[in-house]
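Comments concern the structure below.
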Amino acid sequence: MAADNPPSRSARPVALVTGCSSGIGLRTVPALVDRGFHVVATMRDADRRTHPPELVGTHVSVLPLDIRSAESVRNCVDTVVRTHGRIDVLVNNAGIAPPNFVEEAPVQEWREVFETNVFGHAAMTSAVLPVMRRAGRGRVVMVSSLSGRVPTPLLGVYTASKFAVEGYAETLRLELRGSGIGVALVEPGAFRTGMWDAPMLTADFPASSPYAADFARLRAFYTDYVTHHLGDPDRVARGVARVAVARGGRLRHPVGADAWTQIAVRAVLPWAMYERVARALVGLGGRAEKSRRSSPEMTR
Ligand SMILES: NC(=O)c1ccc[n+]([C@@H]2O[C@H](COP(=O)([O-])OP(=O)(O)OC[C@H]3O[C@@H](n4cnc5c(N)ncnc54)[C@H](OP(=O)(O)O)[C@@H]3O)[C@@H](O)[C@H]2O)c1
């Protein structure tokens with residue numbers, strides 16, 4: 001019976017990548033092929049007639065995957081195992097980052113962000129780990145963010161989800177110790193992808209909001225940043241591919257000068273001082289002093 005036949009095993013190691021329709025995920029595909037992988041590039045809309053050149057080639061196959069759907073996750077992993085007989089690397093890359101002030105973000109927005117950036121990654125990892133465990137080896141690469149290490153005004157919901165990813169990965173790593181399966185976090189700074197095409201930055205913001213003045217400053221800051229300072233996503237893609245094959249045991253891999261600098265600043269400054277620097281960095285000033293005085297528990 002066909003079901004008794006073990007799946008044929010691909011000669012090339014297999015990397016399964018989520019969120020390959022654009023941005024970092026798309027660019028990671030050729031970077032992993034260059035490292036010797038067969039890449040299973042996944043995306044929600046896999047039935048598009050033409051794929052970009054990154055997704056065409058002998059060592060790439062494209063599969064549908066919505067990481068928010070349990071059925072889609074199961075079908076995708078089953079198909080990869082049936083077709084290739086192995087999954088050596090899982091890159092959890094898919095993500096969303098709708099900008100908003102944390103107070104004003106509707107609960108539905110919180111749910112969508114956490115279902116994608118946290119629960120989706122956890123579901124994929126839990127589906128793939130048994131395959132890696134049977135092989136006695138594997139590597140899970142989580143595309144986190146600089147925002148998984150430092151707070152980012154207007155990206156608070158996203159920041160909270162990436163902080164959760166960092167805690168998830170740290171725990172997973174402790175629990176998998178000795179299994180032969182590695183876990184690593186890639187923490188990019190700001191890179192030029194569709195993530196920055198947020199309609200909120202161009203839409204009208206309600207003047208009645210207590211955040212209207214801050215929004216105007218943040219919009220000016222982000223507009224300038226997006227226009228002049230975003231990095232090349234190929235750099236992150238190469239970083240992900242490097243981490244996928246790294247033999248060393250480092251957990252965290254920041255990418256970009258902004259990531260390295262801001263993580264270091266956050267690590268060395270006491271919170272009260274950091275708060276002033278973090279607000280000034282994005283063009284906000286003023287109220288930090290007042291909020292510090294009224295929130296003594298936030299200082300250390
Ligand atoms: N760009 C940056 O500056 C930056 C910085 C730090 C971290 N990151 C992280 O890098 C990762 C990739 O983002 P990006 O910058 O490359 O942005 P992007 O171009 O918007 O790509 C996001 C990808 O995630 C996919 N996705 C969203 N929801 C999904 C779902 N439910 N199931 C499957 N795929 C889904 C999108 O697919 P659809 O086309 O179907 O929507 C798209 O392929 C994210 O985790 C992001 O947090 C980015």
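The values are calculated or read from the model by the stated rules, or taken from the named source; none is laboratory data. All values derive from a computational prediction rather than experimental measurement. Every residue, glycine among them, receives a Cβ derived from its backbone with ideal geometry; neighbour counts consider all protein chains shown. Heads up: the accessible areas ignore ligands, DNA and RNA and are worked out on the full protein's heavy atoms, side chains in. Shrake-Rupley method; radii C 1.70, N 1.55, O 1.52, S 1.80 Å.
Tabulated data for the structure shown
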read-out: Residues satisfying the stated conditions in the stretch 11-23, i.e. under 15 Å from the mean Cα position of the chain (by Cα), surrounded by fewer than 24 Cβ atoms within 10 Å (Cβ to Cβ) and more than 9 Å from the ligand (Cβ to nearest atom); value: none
read-out: Single residue of Ala164, Ala190 found to be closer than 20 Å to Arg266 by Cα and open to solvent by less than 20 Å² (accessible area, probe 1.4 Å); value: Ala190
read-out: Scan of the stretch 234-278 for residues that are part of a helix (DSSP H, G or I) and in contact with a Pro (Cβ under 7 Å, 6 or more places away or on another chain), ordered by number; value: Val236, Ala259, Trp260, Ile263, Ala278
read-out: Check on Ala169, within 23 Å of Ile263 (Cα to Cα), in contact with a Phe, Trp or Tyr (Cβ under 7 Å, 6 or more places away or on another chain) and surrounded by 13 or more Cβ atoms within 10 Å (Cβ to Cβ); value: no
read-out: Total residues in the stretch 83-109, condition under 29 Å from Gly239 (Cα atoms), of a type outside the set (S, T, N, Q) and either away from the ligand (no atom under 15 Å from the Cβ) or assigned to a helix (DSSP H, G or I) (or both); value: 6
read-out: Hits in the stretch 100-145 - residues which are touching a strand residue (DSSP E or B) at 6+ places or on another chain (Cβ under 7 Å), closer than 30 Å to Leu201 by Cα and open to solvent by less than 20 Å² (accessible area, probe 1.4 Å); value: His121, Met142, Val143, Ser144, Ser145
read-out: Only one of Val29, Val33 that is in contact with a strand residue (DSSP E or B) (Cβ under 9 Å, 6 or more places away or on another chain) and open to solvent by less than 20 Å² (accessible area, probe 1.4 Å); value: Val29
read-out: Inter-residue pairs, beta-carbon under 6 Å, first over 13 Å from Leu176 (Cα atoms) and in the stretch 118-131, second open to solvent by 20 Å² or more (accessible area, probe 1.4 Å), 6+ apart; value: Val118/Ala164; Gly120/Arg68; Val131/Val81
read-out: Some residue of the stretch 255-267 being over 15 Å from the mean Cα position of the chain (by Cα) and more than 20 Å from Arg149 (Cα to Cα); value: no
read-out: Single residue of the stretch 234-263 satisfying the filter (charged (D, E, K, R) and open to solvent by 50 Å² or more (accessible area, probe 1.4 Å)) that is nearest to the ligand (Cβ to nearest atom); value: Arg235
read-out: The stretch 57-82, subset within 12 Å of the ligand (Cβ to nearest atom) and part of a loop (DSSP other than H, G, I, E, B), residue most open to solvent (accessible area, probe 1.4 Å); value: Arg68
read-out: Lone unmet requirement of (1) open to solvent by less than 10 Å² (accessible area, probe 1.4 Å); (2) closer than 21 Å to Val240 by Cα; (3) at pLDDT below 95 for Phe215; value: (2)
read-out: Subset of the stretch 24-56 (residues that are near the ligand (Cβ under 10 Å from one of its atoms) and either in a helix (DSSP H, G or I) or of a type in the set (Phe, Trp, Tyr) (or both)); value: Ile24, Gly25, Leu26, Arg27, Thr28
